[in-house]
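Read the structure below first, then the notes.
Since every read-out is calculated from the coordinates, none of them should be taken as a lab result. Quick caveat: nothing in here was measured; it's all calculated off a predicted structure. Please note: Cβ atoms are built from the backbone with ideal geometry, for glycine as well, and neighbour counts cover all protein chains shown.
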């Protein structure tokens, strides 16, 4: 009997060990953890802000973002199924003697062009003679591998428009490259009815705003061609259909700023869609809308069904701070929205969500999220 009990304990210990090992592998993004499962649940097991997913061909995907285990730079994760992600380590290192960038490394996006990979990112520029608190610029680094190392192409930002800029997004069409970015709110007070309302309530003396611009890029990414064009900005009038959701940072008394940032542009049929994020990126009301145009540089018209992605706590959910999205196009025609958000479990840490999106026959863009219930595997 004693021998039998001992054997049972050995078997039980072995099974517990296997389970523990399996959980550990799954937590670290082991792609073989659940090869036959049919569903996944948000959020994904990646603590990233501003997530961007690169399709590298051959069924391999790479994710980049803000944070995620990187110090003074950016890290990457890889996946074969868009759900289980494996840490690839830091792929770009800033804050070196050779780098123009010192801190505040944000929102990387990586594009494969022929056999090379180009990372556009935001960071604080070392050249700061007036010691500005926000001296953000956009740079570009290059690698022959999606896992780096990415080396800065130039010892300076792509260009200096005379104000701090963040959130680079690049679009290519007919041999031309376009750079989209957000002018930071910093020292950019704007008059509006929302600003007047906040002053009357004695909440804020001024309201600063960020605006999205687009400009043509030189083909070697060493600078821009022509002058930036204003694409999107927060509403001026209180009765504007977009004013309520785009002004929540102010009306909820979070901060004296209104954002239009995190833009991503793509073309569907003959229409250009620009998705963008509004409100305080560190607050509950961060949300996503979109606008459309017949030209890559506008003019853009905001959609009547905005916002298309926002917190769901008012509907009994637990997700807040949804924003800074990107769009993933699948070979079968499906579209996915990748974005960051927060849950009760994640607290202030931003975690990655992946939800299906679509453009309906009438041209309306819809994001089916945020979800925290089982969803069909994307692959």
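Normalise the Cα radius of gyration of the stretch 241-379 by 2.2 N^0.38 Å (N = residues in it) and let me know the number.
Compactness ratio reported: 1.03.
Take the alpha carbon atoms of the stretch 236-291, find their center, do the same for the stretch 332-379, and report the distance between the two centers in whole angstrom.
Cα centroid of the stretch 236-291 versus Cα centroid of the stretch 332-379: 17 Å apart.
Which log10 I(q)/I(0) values does the stretch 157-315 give at q = 0.09, 0.11 Å⁻¹ under the Debye formula, counting every alpha carbon as one identical point scatterer?
Here the Debye-derived log intensity ratios amount to -0.30, -0.44.
I'd like the FRET efficiency for residue 55 and residue 360, computed as 1/(1 + (r/R0)^6) with the beta carbon distance as r and R0 of 25 Å, rounded to 0.05.
Once rounded, the FRET efficiency stands at 0.55.
Hey, for a label at residue 188 modelled as a point 7 Å past Cα toward Cβ, could you say which residues of the stretch 144-165 have their backbone N under 20 Å away?
157-165
Return one quarter of the surface area of the convex hull spanned by the alpha-carbon atoms of the stretch 293-373, equal to its mean projected area, in nm².
6.9
With the crude spin-label approximation of a point 7 Å out along Cα→Cβ, what separation in nm comes out for residue 237 versus residue 345?
That separation, rounded to one decimal, is 4.6 nm.
Over the chain, what is the relative contact order in whole percent, taking alpha-carbon pairs under 8 Å and six or more residues apart?
13
Given 25 °C and 0.890 mPa s, how large is the Stokes-Einstein diffusion coefficient of the stretch 60-172 in µm²/s, with Rh as the Kirkwood radius over Cα pairs?
For the chosen part, D equals 171 µm²/s.
When the helices in the chain are scored as -39500 (n - 2.57) per DSSP H run of 4 or longer and the sum is shared across all residues, what 222 nm value do you end up with, to the nearest 500 deg cm²/dmol?
-3500 deg cm²/dmol
For the chain, take the longest principal axis of its alpha carbons; what is the angle in degrees between that and the long axis of helix 2-27, to the nearest 10 within 0 to 90?
It is inclined by approximately 20 degrees.
Going highest first, how would you order 305-316, 267-278 by mean Cβ packing within 10 Å?
Packing proxy ranking, top to bottom: 267-278, 305-316.
Mind giving me the nanometre distance, one decimal, between the label points for residue 47 and residue 145, set 7 Å out from Cα along Cα→Cβ?
Result for the modelled spin labels: 2.7 nm.
Can I get the semi-axes of the stretch 73-116's equivalent ellipsoid? Compute them from the C-alpha gyration tensor as square roots of 5 times the eigenvalues, in angstrom, largest first.
Equivalent ellipsoid semi-axes, largest first: 24, 14, 9 Å.
Compute the distance in nm between two label points, each set 7 Å from the Cα along the Cα-to-Cβ direction, one at residue 98 and one at residue 172.
2.4
So for the stretch 263-308, what are the equivalent ellipsoid semi-axes in whole Å, largest first, each being the square root of 5 times an eigenvalue of the Cα gyration tensor?
After diagonalising the Cα gyration tensor, the semi-axes are 22, 10, 8 Å.
As an exercise, take the mean of 1/r over every pair of distinct alpha carbons in the chain, invert it, and state the Kirkwood radius in angstroms.
Hydrodynamic radius (Kirkwood, Cα pairs) of the chain is 21.9 Å.
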